[in-house]
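Structure first, commentary second.
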Amino acid sequence: MATEPRRCRRPPAWLDAGETATTEIAAAKVPMAKRFRVLESLPPPPRAKRGLEMDLGSFHLGGNADVVEFCPHRPFRHILAAATYTLQEQVTEEQQQDRAGTVSLFSVDAGAEDESQRLRLLHTVDTAGVFDMKWSPTAPLLAQADAHGRLVLRRLEQEDGSDKGVVLTDVCSGDVSSSMCLYVDWNQNADSLSVGLSDGSLSVISMREDCLEVSEHWTAHQYEVWTCYFDRARPHLLYSGSDDCSFSCWDLRESPSNAVFRDKKSHSMGVCCIAQNPLDGNMLLTGSYDEFLRVWDMRSMVKPVNEKSLNLGGGVWRMKYHPSIADVVLSACMHNGFAIVKVGAGDATVMETYCKHESLAYGADWQTSEAPEHSTASSVIATCSFYDRLLRVWQPEELVKHPGFKS
């Protein structure tokens, strides 16, 4: 029986010069390695319009920038980790192309009078190409999912009591798969991690005394698992989103893990990211290549309800809730820059956009500030873009009008 062609994984606006390439990608029988080479060769997206926000600093990284993560733990809340992923040139036909990367630490100080002190590079680690990384919810421990199919944990330390002594030290690492690790998430106890893989598999990794052990591994999707996410209130539930256009949930109490639900109809393209409202565990968001942010009512776990949707004008690659305002979400919208979205009881609306990057918008995160809660100083954002290798740190303007902020 013939295999049904997969639906297009990229938003139409990004296909122009890459039409031949995406035709290849759409064929379900194209080998995984070839599909990734095709994606990496696609031309940069069109330039975005300029924004008006307050820029604190920028930095050109040594490779294609795809992930930024602020450390949420004291005394390191001013530390930003930025990662890269770069396909190396193939020297000979026999030589397999490698994917190299870096993880860099920066100090971010929005209140510094000297502009040169607002964004400072502190430390860089050379590594395999990084697809994703996440800080542990309980300690300054950074998990890295990389192109070599490995999960790497590094601890943030301060060797001499100053920023000059801030470094990442290796804790442990482990081979998860021969496929590439595309996404990583911690459970709230920080004793397990989930990893999405390029062959459609999901892995759950247990952490015991600084050692990693694969406790569960199963084929969850037909194509790449772009995202996986532990339910913050029900740690036995794991959500996943894939290039097969499905949004799924798994019960980890079963072995092998059992599908609680699998929604294949709501997203017309791959599901890239998932986020849970920090105050309302029954509200879940999904983002997709089809350019929509979707809001889900999860009270019926067997059949969740897609309550509302918002078109952000670009593939929704990442979403991050504001650290202190539960209805504000930062979104990376690929070829359409970054958006700050209000997702509350009413309709989801765009509050502000940031379009000063001139390439594919990938990484985005909020800084957890030491400033008084809900003050304007508590809203510092880091974003990065892929082809121009650019990291930017900025403060939004329109967000100060949100009723949750103090003047």
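Only one of GLU93, GLU69, GLU89 is open to solvent by less than 20 Å² (accessible area, probe 1.4 Å) and either within 18 Å of SER369 (Cβ to Cβ) or in a loop (DSSP other than H, G, I, E, B) (or both); which?
GLU69
Here is a check on your reading of the model: is ALA100 within 22 Å of the chain's Cα centre (by Cα), without any contact (Cβ under 8 Å) to a residue 40 or more places away in the chain and over 28 Å from ASN189 (Cβ atoms)?
Taking the combined requirement at face value, the residue satisfies it.
Name the single residue that is most open to solvent (accessible area, probe 1.4 Å) among those in the stretch 215-245 being out of contact with any Asp or Glu (no Cβ under 9 Å at 6 or more places or on another chain) and assigned to a strand (DSSP E or B).
HIS217
Do you know which residues across the stretch 305-317 are touching a Leu at 6+ places or on another chain (Cβ under 8 Å) and either buried (at least 20 other Cβ atoms within 10 Å of the Cβ) or at pLDDT below 95 (or both)?
Correct list: LEU310, LEU312, VAL316.
Could you list all residues from the stretch 282-294 that are under 29 Å from ALA65 (Cβ atoms) and part of a strand (DSSP E or B)?
LEU284, LEU285, THR286, GLY287, SER288, PHE292, LEU293, ARG294 - these are the residues of the stretch 282-294 that are under 29 Å from ALA65 (Cβ atoms) and part of a strand (DSSP E or B).
From the residues in the stretch 369-387 that are in a loop (DSSP other than H, G, I, E, B) and surrounded by 17 or more Cβ atoms within 10 Å (Cβ to Cβ), which one is modelled with the lowest pLDDT?
SER369
Pick out the one residue from VAL260, VAL214 that is touching a Gly at 6+ places or on another chain (Cβ under 9 Å) and of a type in the set (A, V, I, L, M).
One residue alone meets the criteria, VAL214.
Could you please find all residues in the stretch 214-258 being among the aliphatic types (A, V, I, L, M) and at pLDDT 95 or above?
Across the stretch 214-258, the qualifying residues are VAL214, ALA220, VAL225, LEU237, LEU238, LEU252.
I'm told MET133 meets every condition in (1) more than 15 Å from VAL68 (Cβ to Cβ); (2) in contact (Cβ under 8 Å) with a residue 24 or more places away in the chain except one. Can you identify the failing condition by its number?
(1)
Looking only at residues in the stretch 164-200 that are closer than 17 Å to TRP135 by Cβ and in contact with a Ser or Thr (Cβ under 6 Å, 6 or more places away or on another chain), which one is surrounded by the most Cβ atoms within 10 Å (Cβ to Cβ)?
The qualifying residue surrounded by the most Cβ atoms within 10 Å (Cβ to Cβ) is VAL195.
A quick yes/no check of all residues on (1) over 23 Å from ALA147 (Cβ atoms); (2) modelled with pLDDT of 95 or more; (3) of a type outside the set (Val, Ile, Thr):
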position: PRO43; (1), (2), (3): no, no, yes
position: PHE59; (1), (2), (3): no, yes, yes
position: ALA81; (1), (2), (3): no, yes, yes
position: GLU89; (1), (2), (3): no, no, yes
position: THR92; (1), (2), (3): no, no, no
position: VAL108; (1), (2), (3): yes, yes, no
position: VAL130; (1), (2), (3): no, yes, no
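For residues that are in a loop (DSSP other than H, G, I, E, B) and at pLDDT 65 or above, scanning just the stretch 388-407, find the one that is surrounded by the fewest Cβ atoms within 10 Å (Cβ to Cβ).
PRO403
Consider the stretch 203-214. How many of its residues are part of a strand (DSSP E or B) and either open to solvent by 90 Å² or more (accessible area, probe 1.4 Å) or among the aliphatic types (A, V, I, L, M) (or both)?
Here the count works out to 7.
Determine, yes or no, whether SER173 is touching a strand residue (DSSP E or B) at 6+ places or on another chain (Cβ under 9 Å), assigned to a loop (DSSP other than H, G, I, E, B) and of a type in the set (Gly, Ala, Ser).
For SER173, the condition - touching a strand residue (DSSP E or B) at 6+ places or on another chain (Cβ under 9 Å), assigned to a loop (DSSP other than H, G, I, E, B) and of a type in the set (Gly, Ala, Ser) - is not met.
Here is a yes/no grid of residues against (1) in contact with a helix residue (DSSP H, G or I) (Cβ under 6 Å, 6 or more places away or on another chain); (2) open to solvent by less than 30 Å² (accessible area, probe 1.4 Å); (3) under 21 Å from LEU182 (Cα atoms); (4) not hydrophobic (A, V, I, L, M, F, W, C):
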site	(1), (2), (3), (4)
HIS123	no, no, no, yes
ASP126	no, no, yes, yes
ALA147	no, yes, yes, no
ARG154	no, yes, yes, yes
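Only one of (1) under 17 Å from PHE76 (Cβ atoms); (2) within 17 Å of the chain's Cα centre (by Cα); (3) of a type outside the set (D, E, K, R) fails for VAL152. Which number is that?
Going through (1) under 17 Å from PHE76 (Cβ atoms); (2) within 17 Å of the chain's Cα centre (by Cα); (3) of a type outside the set (D, E, K, R) one by one, VAL152 breaks only (1).
Yes/no matrix, rows are residues, columns are (1) aromatic (Phe, Trp, Tyr); (2) within 13 Å of the chain's Cα centre (by Cα); (3) not in a loop (DSSP other than H, G, I, E, B):
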| position | (1), (2), (3) |
| --- | --- |
| SER309 | no, no, yes |
| VAL316 | no, yes, no |
| MET319 | no, yes, yes |
| ILE325 | no, no, no |
| SER331 | no, yes, yes |
| ALA339 | no, no, yes |
| GLY346 | no, no, no |
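The values are calculated or read from the model by the stated rules, or taken from the named source; none is laboratory data. Source: prediction; values computed, not measured. Reconstructed Cβ throughout: ideal geometry from the backbone, glycine too, with neighbour counts over all protein chains shown. Just the protein is used for accessible areas: all its heavy atoms, side chains included, with ligands, DNA and RNA removed. Shrake-Rupley method; radii C 1.70, N 1.55, O 1.52, S 1.80 Å.
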